[in-house]
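Take a look at the structure set out below.
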Amino acid sequence: MGYEALAVRFSYLPLLLLTSPACERGFVVDSDDTADDTAADDTGDTDPETCADGIVDPWADLDATQCDEAIVSAATAYYIGEFTLSGDTVGGTEYQVLFANPLWEDAGGADCIIAWAVQSGTRGDPVTCSHCEFSVTINATVDAGETTCPPELQTPGSFSATYDVEDTGTGEVIFYFSGSGNELGRGCTNSSRITYVSEGWCKPML
């Protein structure tokens, strides 16, 4: 869906546009919140803190302030994938999460989410990653019910993507773009679910 192209495009912006130190690597897989539907409040269970303990909430520990010091309107952006696995069938949703910096807020911007619902998805062999266990191919379109960003930010309206997935054997997985081999994000997996969250990056809102 053009994630790599966006990241590369904006990586050539002057460094003054990306002055926040959190525009560097720094995403955390562990969290104190649970992604399981059975909440700890109801069961008394301890929330998963590592992938070995269960599916860690990919939405936890997102730093919303990474790009607050940028000198242009911008958002701290993340990509999140929450997928279901049933045999070789993949479902679920992929998201772009935008946290507005003060300059974008002054221009009328606000925190928002773009959600793409998987219309069809398959699990197959890795495409280019020699140390990966499988690949995930998804075809997705904007989910108006979950999306809160304004229409002008809801691009692309639909996309197809294939990710190679490395299973570390500890419950943690690493997603790679199948074309370039570059890392997309990290998350957790079990027999029926798989997640990832990318690093945060600064997305100019010019």
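The values are calculated or read from the model by the stated rules, or taken from the named source; none is laboratory data. In this text, all values refer to a predicted model and were calculated from it rather than measured experimentally. Using ideal geometry, Cβ is built from the backbone for each residue, glycine included, and neighbour counts are taken over all protein chains shown.
If you check CYS112 against the conditions, is it of a type in the set (A, V, I, L, M, F, W, C) and touching a Cys at 6+ places or on another chain (Cβ under 6 Å)? Walk me through it before giving the result.
Numbers: of a type in the set (A, V, I, L, M, F, W, C): yes; touching a Cys at 6+ places or on another chain (Cβ under 6 Å): yes.
Judged against the criteria, CYS112 is a match.
Mind checking whether some residue in region 100-107 is within 19 Å of the chain's Cα centre (by Cα) and surrounded by fewer than 17 Cβ atoms within 10 Å (Cβ to Cβ)?
No, the conditions are met nowhere in region 100-107.
If a residue must be surrounded by fewer than 23 Cβ atoms within 10 Å (Cβ to Cβ), within 21 Å of TRP59 (Cβ to Cβ) and among the hydroxyl-bearing types (Ser, Thr, Tyr), how many such residues does region 171-202 contain?
Of the residues in region 171-202, 3 are surrounded by fewer than 23 Cβ atoms within 10 Å (Cβ to Cβ), within 21 Å of TRP59 (Cβ to Cβ) and among the hydroxyl-bearing types (Ser, Thr, Tyr).
Tell me which of these CYS129 doesn't satisfy, since it passes every other one: (1) outside any strand (DSSP E or B); (2) closer than 30 Å to PRO102 by Cα; (3) touching a Gly at 6+ places or on another chain (Cβ under 8 Å).
Condition (2) is where CYS129 drops out.
Filter region 94-135 for residues that are under 16 Å from THR65 (Cα atoms) and either at pLDDT below 95 or acidic (Asp, Glu) (or both) and give the result.
GLU105, ASP106, ASP111
Go through the residues of region 99-110 one by one and say whether even a single one is assigned to a strand (DSSP E or B) and in contact with a Pro (Cβ under 8 Å, 6 or more places away or on another chain).
We begin by selecting, within region 99-110, every residue assigned to a strand (DSSP E or B); these are 99-100.
Filter once more, so that each one left must be in contact with a Pro (Cβ under 8 Å, 6 or more places away or on another chain): none.
For region 99-110, residues assigned to a strand (DSSP E or B) and in contact with a Pro (Cβ under 8 Å, 6 or more places away or on another chain): absent.
Working only within region 80-99, note down all residues that are surrounded by fewer than 22 Cβ atoms within 10 Å (Cβ to Cβ) and under 12 Å from the mean Cα position of the chain (by Cα).
ILE80, THR93, TYR95
Restricted to region 108-140, and to residues that are surrounded by 14 or more Cβ atoms within 10 Å (Cβ to Cβ) and among the polar types (S, T, N, Q), which residue is farthest from VAL173 (Cα to Cα)?
ASN139
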